[in-house]
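Notes follow once the structure below has been shown.
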Amino acid sequence: TGNLSSIVASRISYLLDFRGPSMIVNTECSSSLVAVHLACQSLRNGECDLAIAGGVRLAFSPIITDQKLGIESNQGKVCTFDDDSDGAVFGEGSVAVVLKPLDKAVKDRDNIYAVIKGSAVNQDGASVGITAPNMLAQEDVIINAWKDADIDPETITYIEAHGTGTKLGDPVEVNGINRAFRRH
């Protein structure tokens, strides 16, 4: 069981004696953010009072990094939202965040680095290709996140975007963001 990715979450829960939901999320590029979304939902639903969400991508074999999807940068670097953009680069890394309801974190005198007011998840559905975003789906998920957070979009001063670094994906994402803001 040591090398099965499906047991990683259960092993962490076992070691830390966590008893709430424990799962692996694999949605490719969005896995970490979908894991955070699901963790927030579990906190809101009272399924747990603390959650760890994160992601990891490790390439243990050069064969994995040699696989091509047709979106790889010829420059070997990502130039997101740039005229020089020509694709993505695969890398390795890991991240984990500890999440708690705000009132509990304040009561426990935890260091608070951010507050997640809301989130939303979707799938793009049909587009010009499986790796290409769908502008209307992008617009919808942004609107749904604002609704979930119960915020006025005019108060937003910063947006964290996916940014594929491709000539197709980046403009579609920017147009989806613009369309969402135009509704307000």
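The values are calculated or read from the model by the stated rules, or taken from the named source; none is laboratory data. A quick note: this is a predicted structure, and the numbers were derived from the prediction, not measured. Reconstructed Cβ throughout: ideal geometry from the backbone, glycine too, with neighbour counts over all protein chains shown. Quick note on the areas: whole protein, heavy atoms, side chains included, nothing else; ligands and nucleic acids left out. Shrake-Rupley method; radii C 1.70, N 1.55, O 1.52, S 1.80 Å.
Name the residues in the stretch 141-177 that are open to solvent by less than 70 Å² (accessible area, probe 1.4 Å), of a type in the set (D, E) and within 24 Å of K117 (Cα to Cα), would you?
D148, E173
State which residue is farthest from G169 (Cα to Cα) when the search covers only the stretch 78-122 and only residues that are free of Cβ contacts under 8 Å to residues at least 12 places away in the same chain and small (G, A, S). Steps first, answer last, please.
Within the stretch 78-122, the first condition is being free of Cβ contacts under 8 Å to residues at least 12 places away in the same chain, and the residues that meet it are 83-84, 103, 105-114.
Now restrict to residues that are small (G, A, S): 105, 114.
Values: A105: 38, A114: 28 Å.
So, considering only residues that are free of Cβ contacts under 8 Å to residues at least 12 places away in the same chain and small (G, A, S), the one farthest from G169 (Cα to Cα) is A105.
For the stretch 158-171, which residues satisfy the criterion of being under 20 Å from L33 (Cα atoms) and either in a helix (DSSP H, G or I) or in contact (Cβ under 8 Å) with a residue 12 or more places away in the chain (or both)?
Hits for the stretch 158-171 are I159, A161, H162, G163, T164, G165, G169, D170.
Taking into account only those residues within the stretch 121-157 that are within 16 Å of the chain's Cα centre (by Cα) and not in a helix (DSSP H, G or I), which is modelled with the lowest pLDDT?
Ranking the qualifying residues of the stretch 121-157, first place goes to T131.
For residues in the stretch 28-43 being within 9 Å of the chain's Cα centre (by Cα) and over 19 Å from G118 (Cβ atoms), which is modelled with the lowest pLDDT?
C29
Only residues that are among the small types (G, A, S) and touching a Phe, Trp or Tyr at 6+ places or on another chain (Cβ under 8 Å): list them for the stretch 146-164, please.
A161, G163, listed by residue number.
Out of the stretch 23-44, which residues are among the polar types (S, T, N, Q), open to solvent by 50 Å² or more (accessible area, probe 1.4 Å) and farther than 27 Å from V89 by Cα?
Q41
Name the residue that is most open to solvent (accessible area, probe 1.4 Å), counting only residues in the stretch 1-20 that are hydroxyl-bearing (S, T, Y) and in a helix (DSSP H, G or I).
By that ranking, first place goes to Y14.
Table: residues versus (1) loosely packed, with under 11 Cβ neighbours inside 10 Å; (2) within 22 Å of the chain's Cα centre (by Cα); (3) assigned to a strand (DSSP E or B); (4) modelled with pLDDT of 85 or more.
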| site | (1), (2), (3), (4) |
| --- | --- |
| I52 | no, yes, yes, yes |
| F60 | yes, no, no, no |
| I63 | yes, no, no, no |
| Q75 | no, no, no, yes |
| F90 | no, yes, no, no |
| S94 | yes, yes, yes, yes |
| V97 | no, yes, yes, yes |
| K104 | no, no, no, yes |
